[in-house]
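To start, the structure under review is shown below, and the notes come after it.
Derivation of every value follows stated rules applied to the coordinates shown; laboratory data play no part. Owing to the predicted nature of the structure, the values given are computational and were not obtained by experimental measurement. Using ideal geometry, Cβ is built from the backbone for each residue, glycine included, and neighbour counts are taken over all protein chains shown.
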């Protein structure tokens, strides 16, 4: 397809999408129904000599146009603000509140509320390289023209269908809390753009609108599944940096002595009494520690985020929830633009940090597995055990596991695949991306 | 309740206008029964898929049948049937516990998307309102003439259907006033739309006439040179001709005869067609004499306008088997019919004594602007004084030798009349030029002649065992009065048939097959003895209905739980006489009623936050407690408690009215 045509197609999709959203917001379900009748009556009654469907056409047309005349008379004058929770989870309905205040003296009723989500429209490359799940099962026209893919991308980019609800009766000066429900369709941030407060005309066909610009963000965590109690072999390991890293985790908190402050020392190691006496900062030194530290390695090397990648994220998130970070540390390792390591444990960060990180992990199509292998080798001595979540099975991945084993790190290797590859090691277990709950429940 | 009335009324309106009044009350009763029965069938979405497939298949079959029997108008006919065709789907929804049909069941393209959790495919829709609109559309499609009742009935149905979904932001009075305004505007607009179409049509016709010239009139009693040339661009089969066993087919089949020529146009308007007397004791018409002929043939084809001119062999005596409201013929033998089906079939008896009207002065008329040219050619060819046949033979040789046949005249000149250009300069044209020139030259030589347009019978089809008359076989020739009366003379070079066959498109075979199949179906439909066929269908339907009824009867059913369809137990049952329900209804009208899933305690707590004027919440709490006991306590309320409930509700209503104006 020539580039100009692609751009034109996308432009038309955008116009079509905006029109459909405008229709969905401004017309009530009755109004949308009447629009459908209008189209059918127009088509069937185009020749007034052969039937009288044009009478229905005229009646419907006048209903719609008359209803639209009322819209400018709705001035609104209402205030609204969202009350969002901290997190939501993919695929799970989440309720949140919107407080609508009527500062005027006149009571209001029949107010409809729509919460608009912000969308970044895709460019030509993003659109033509995207693949809607199950697109192959669509009909020829839909596959070639691609509007369903566009609609799917819009939903993915918004993160959820626009929540809406009814405010009901709102006396003058009163505030009403409306509970809206939202079901995220993907992980990551959902951006709330503005609130639409709408009131229908007397016939209940078209809505007048007032907008409240209220921007908010909500982080959607990956889907998580229960995991059977797993027993990772491996005991406590010596941790360089000791309790400064782990604080209360580990065997003890044995003070070795005091020394002068060096840039980079944490404030909580300051010996305040010595500071008061000497007038310059002195810090406490502890004995290095031995404690349990697990590695959670996430394979991000794939071209685009598909079902398998999302399944891998979900598996990682499920382990984050399962592993106890009160008495152990958990390192999440993955490759983005570089190797990232995020550690959770008491006095470092809670597992929320890991989940937040996982919520925002993107695939790394140009990443180098060698970097990850090197990073793991460097940390292998510290790790009591390591969980590797793999997206494919090939020689570099086999070598990565070999190197970890060679350093004596106990391993739990999981491969996300619909079927086990023929050359798969006995040490790797396969998880089907569609039956994660079942497969994770069987892990021992 | 009002939506139920609207539904019933819409179905009855459809029954009335679409001619299904025997069926509509039955359908209404079935829908109404769904509100009465206390059970629902345990249908699955898969079963809805299958039912939708059957419905779609039945609709497609109806479309094929309707188009094959009624042409393009069949589409509108199917629209009038849709309430009947789609009723099983609505009935299944009404009697199912699901309460709606998934979009994935309705649209095949979405069905496969359900597996991927596509919210659109999984969305469940209630078909009641679309079905109601369909009934009105179908009724409107069935009514051809303006009916003074259609608009008010549609308005009433719409009002009843839309009343429950009106905006709660406005009082009912505003809704009524708005509806009244819309009704007035709608009435004026529908008249405007009608008028606009008339105006537009007039304007388009005026504009087109200016653009392409006035080539023909609807009665087809005039024709302009070029008319047949247009027809020749189409390969479509126009008529199918089957001679009776052993009979020879005529080579030329006239459709219209003309005798006045001027300014490129032939006409016979001076001869008004007169009604043809019907044959006694037969479904036919006598065209001449006693109606007896020596040979016969059968013609079948489309008359999409249900009127037009019929092709007849020369010397046609009578026609039979034709369904027509009126059959008229002028003295030149042109037969015009009106009020026929879109597909006609008729048998023509022809041959024997008698024929066209004897020659008159008009058959020797020459157009003044061409007279000199024609006489000069007659003199040059030495036609004067020859017998009609000799003159025709000499003319034929002249045309064959000096002229050539062409369908497209590229080198046309506009500064001289087209016929003079044909005779003197271009010497190329199609049959209309040859026929017109032939008629006028014969007349100039003193031979009475007429111009005939019709079909050349040149293509035999083994597939259908009949002769095919395609539009490109449309032809024009000369009828001259010779020694033995009127005779055909064709001056068009014989190569025209082959030349035009070459213009046939490659897909012609497929199109032919379709047309022949269509004709065969039409004839079969005409031949079928209706009563016998219908009885068989009714028997088959009765057996199928019995099987369906048995299967439905044996299906597991699910009893409706108390108030399943609504929160707060609005349906029938214990305590429905509670006066508290009346209060609830009034509060609901002001958006103060309990919401779906909200317990009584939560509701009262919310009301406390709103502090609505005139509502005593302490009394409400007491009333609600008594109402709950009346509704759900198996022992019910003691008489004094009932009295207390009524008193509390009365008090609440009085305060509410005085406090809120409600």
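Observations, loosely collected:
- For the listed peptides A:398-409, B:35-46, B:608-619, a ranking on the average number of other beta carbons within 10 Å per residue, highest first, reads A:398-409, B:608-619, B:35-46.
- Computed over segment B:2-165: relative contact order in percent, which uses C-alpha pairs under 8 Å that are six or more apart: 35 percent
- Counting Cβ atoms of other protein chains within 10 Å of each residue's Cβ and taking the mean over peptide B:99-108 gives 0.
- Exercise: per-residue mean of other protein chain Cβ atoms within 10 Å, B:125-135: 2
- Normalised convex hull volume, segment A:25-69, alpha-carbon set, Å³ per residue: 56 Å³
- Using a simple spin-label model with pseudo-atoms 7 Å out from Cα toward Cβ, residue B:32 and residue A:92 lie 5.1 nm apart.
- Counted over segment A:291-441, the DSSP beta bridges are approximately 25% antiparallel.
- FRET efficiency, residue A:12 to residue A:340 (Cβ-Cβ, R0 45 Å, nearest 0.05): 0.65
- Cα pair distances in chain A, grouped into 20 Å bins until the bin that holds the longest one, percent each: 19, 40, 29, 11, 1, 0
- Take the Cβ atoms of residue A:366 and residue A:429, set R0 to 30 Å, and the FRET efficiency comes out at 0.60.
- Amide N of segment A:330-344 lying under 14 Å from the label point, which is placed 7 angstrom from the Cα of residue A:378 along Cα→Cβ: A:333-336, A:338-342
- For the peptide A:66-74, the mean number of other protein chain Cβ atoms found within 10 angstrom of a residue's Cβ is 2.
- For segment B:361-507, the C-alpha radius of gyration sits at 1.11 times the compact-globule guess of 2.2 N^0.38 Å, with N the residue count.
- Inter-part distance where segment B:593-653 and segment A:1-56 are each reduced to a Cα centre, Å: 48 Å
- Over the protein assembly as shown: helical MRE at 222 nm, DSSP H runs n ≥ 4 each giving -39500 (n - 2.57), nearest 500: -13500 deg cm²/dmol
- Approximating the spin labels as points 7 Å out from Cα along Cα→Cβ, the residue B:582-to-residue B:146 distance works out to 4.9 nm.
- Model label zone, residue B:387; criterion: amide N under 16 Å from point 7 Å along Cα-to-beta-carbon; scope segment B:438-457: B:447-448
- Gyration tensor verdict on segment B:580-660 (Cα atoms; rounded if a/c is under 1.5, prolate if a/b is larger than b/c, oblate otherwise): oblate
- Over segment A:291-441, the reciprocal of the mean inverse Cα-Cα separation, the Kirkwood hydrodynamic radius, stands at 15.4 Å.
- For residue A:303 and residue A:39, a Förster radius of 41 Å and the Cβ-Cβ distance give a FRET efficiency of 0.50, rounded to the nearest 0.05.
- Label-point gap, in nm, between residue A:126 and residue A:189 - each point 7 angstrom along Cα→Cβ: 1.3 nm
- Here the peptides A:66-73, A:275-282 are ranked by packing, the mean other Cβ count within 10 Å, and the order with the highest first is A:66-73, A:275-282.
- Peptide ranges A:212-224, A:1-13 listed from the most packed, as the mean C-beta count within 10 angstrom indicates: A:212-224, A:1-13
- Between 0 and 90°, nearest 10: helix A:351-360 axis offset from chain A longest Cα axis: 50 degrees
- Scattering from the protein assembly as shown was approximated by placing one identical point on each alpha carbon and applying the Debye formula without solvent; log10 I(q)/I(0) at 0.05, 0.07, 0.08, 0.09 1/Å stands at -0.59, -0.93, -1.06, -1.19.
- Helix A:29-44 vs. chain A, principal-axis angle (Cα, 0 to 90°, nearest 10): 50 degrees
- Axis angle, to the nearest 10 degrees, between helix A:147-158 and the longest C-alpha principal axis of chain A: 60 degrees.
- Segment B:281-359: translational diffusion in µm²/s, Stokes-Einstein, Kirkwood Rh over Cα pairs, 20 °C, 1.002 mPa s: 169 µm²/s
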